Amino acid sequence: MSHKIAILPGDGIGPEIIAEACRVLEVLRSEYGLSIETERADVGGAAYDAHGHPLPEPTLRVAREADAVLLGAVGGTKWETLERALRPEKGLLALRTELTLFSNLRPAILYPQLVAASTLRPEIVNGLDLMIVRELTGGIYFGQPRGIRILEDGQRQGFNTLVYSESEIERIGRSAFEIARKRSMRLCSVDKANVLEVSELWRSVMTGLAAEYHDVELSHMYVDNAAMQLVRNPKQFDVMVTGNMFGDILSDAAAMLTGSIGMLPSASLDSHGKGMYEPIHGSAPDIAGQGIANPLATILSVSMMLRYSLNEATLADHIDAAVGTVLDNGLRTADIASAGMHTVSTRAMGDAVVDALRAKS
Ligand code: IPM
Ligand code: MG
């Protein structure tokens, strides 16, 4: 059976890194017998420019009909002054909600070859391998009411609403407990239950679930402490589960522990295993078009796609191994190079992964 993959390059460095990920897919097709059909579509600012909307109907259809979506990145200064509904980020957020991709997996893995690229001391980060499970379709990102209104005294007031229903908490909780079961059986739920009622409910639902998953050890931590612990002693964590905005923030912090946000993939899953896969680093408009972006996060997103949506774990292992090989061979894009190291281009890094895969086929 052929897997249908929607390819949405997006903006900034998106097209450059997606090009390398597509070459990896092509090798898997031609040399490893992976059966795929790909279809490309515009999203984000590129879609706005071409069709006047960051998530045009044809793109949504392509994404819906696919078994998995591979996305580059969206956003850029060019579109920042557009009204909110037309901004590139809105295209990404709408994809997440339209496809009900509520469970966002953001692994932070430190490759041993890159210990020196981390801003933390080697003994703090060596061997780091944690997974943040971020709720992705609820919370303050989507809560109503929201807006900017004029108060009686004439000044403006901005407001957003942080809401979570029990069922939303329960489904992300289950997702996280299941992942903990496949890892070290430890789950840390992050909230702000000392201040927020919504967190009080979050904590009580998580605690309720723990009775069902009694083989998993559940702990709770306030988000401010979690942020501190992530940089103090990150290896105490294995799987963390948290809401949309806390997860957005903590996953950037966790990413940087690994030396570069340019290394980290992500998966956003619905309840049937369909998913959207994207690097977590964003569109990096400052380096777009220069051919220097790190394609490894996107290539590793292909690996996650094979593992979580396409049931091709062996091929995922091959990609992960190929990435290990190119790092062993000393290839570094600028973001992961330590002082004095030679750096390579986006294309050269893609070439190296492709060669490593060919060599093993
Ligand atoms: C992320 C990004 C997005 C988010 C933006 C681009 C809307 O920061 O995927 O973490 O806030 O979710
Ligand atoms: Mg973010």
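Where a number appears in this text, it was derived from the coordinates with a stated rule and is not lab data. Model, not experiment: these values are computed from the prediction. FYI the Cβ positions are ideal-geometry reconstructions off the backbone, even for glycines, and counts take in every protein chain you see.
Modelled label positions at S345 and T314, each set 7 Å beyond Cα in the direction of Cβ, lie 3.6 nm from each other.
Which of the GluC sites (Glu not before Pro) found in the range 48-142 are in a DSSP loop and have at most 13 neighbouring Cβ atoms, other than their own, within 10 Å?
The qualifying sites are E80, E83.
Rounded to the nearest 5, the antiparallel percentage of DSSP beta bridges internal to the chain is 40%. Taking every C-alpha pair closer than 8 Å and separated by at least 6 residues, the mean separation divided by the residue count of the chain gives a relative contact order of 22 percent.
Ignoring lysines fewer than eight residues from K4 along the same chain, the ones with Cα atoms less than 30 angstrom from its Cα are K90, K182, K274, K360. The range 31-106 and the range 148-203 have Cα centres separated by 25 Å. Counting neighbouring Cβ atoms within 10 Å and putting the fewest first, the residues H53, H281 line up as H53, H281. Here the Karplus relation 6.51 cos²θ - 1.76 cosθ + 1.60, evaluated at θ = phi - 60°, turns the backbone of the range 139-144 into coupling constants of x, 5, 5, 10, x, 10 Hz, with x for every Gly and Pro. Across the range 227-241, coupling constants 3J(HN,Hα) worked out from phi with the 6.51/-1.76/1.60 Karplus curve, θ = phi - 60°, read 4, 5, 5, 4, 9, 7, 8, x, 6, 5, 9, 10, 10, 10, 10 Hz, and Gly and Pro carry x. For the range 230-361, a/c is not less than 1.5, where a ≥ b ≥ c are the root eigenvalues of the C-alpha gyration tensor, and a/b does not top b/c. That puts it in the oblate class.
Based only on Cα atoms, what mean projected area does the convex hull of the range 214-284 have, in nm²? The partial results should precede the final answer.
Working: hull surface 25.0 nm².
Quarter of the Cα hull surface area: 6.2 nm².
All distinct Cα pairs of the range 143-289 go into the 1/r average, and the inverse of that average, the Kirkwood radius, is 17.3 Å. Residue by residue, the range 116-133 carries 3J(HN,Hα) couplings of 5, 7, 6, 7, 9, 4, x, 5, 6, 10, 3, x, 4, 7, 10, 10, 9, 9 Hz when phi is fed to the Karplus relation 6.51 cos²θ - 1.76 cosθ + 1.60 (θ = phi - 60°); x denotes Gly or Pro.
With the convex hull built on the Cα atoms of the chain, state its orientation-averaged projected area in nm². Kindly include the intermediate steps, with their values, before the conclusion.
On the way: hull surface 76.7 nm².
So the Cα hull casts an average projection of 19.2 nm².
Take each peptide in 264-275, 211-222, 229-240, count the other Cβ atoms within 10 Å of every residue, and average; sorted highest first, the result is 264-275, 229-240, 211-222. Once backbone amide H atoms are built at 1.01 Å from N, V74 has D11, S283 as its partners under 5 Å, excluding neighbours fewer than 5 places away on the same chain.
Could you point to the residue in A337, I287, T298 farthest towards the positive end of the range 228-361's charge dipole, with +1 and -1 charges on the Cβ of Lys/Arg and Asp/Glu respectively? Sorting the options by dipole projection puts first A337. Only Lys, Arg, Asp and Glu carry charge here, each on its Cβ (+1 for the first two, -1 for the last two); on that basis the range 216-361 has a dipole of about 240 debye about its Cα centre. Remark on H3: its backbone amide H falls under 5 Å from those of S35, I36, E37, a criterion applied only to residues 5 or more positions apart or on other chains, H modelled at 1.01 Å from N.
What is the set of long-range amide H partners of I132 at a cut-off below 5 Å, with H atoms built 1.01 Å from backbone N? Long-range HN contacts for I132: R106, A108, M240.
Calculate, in whole percent, how much of the Cα-Cα pair population of the range 77-226 lies beyond 19 Å. Beyond 19 Å sits 66 percent of the P(r) for the range 77-226. In the range 292-344 the Cα-Cα distances spread across 5 Å bins starting at 0 as 5, 20, 24, 21, 13, 10, 5, 2, 0 percent of all pairs.
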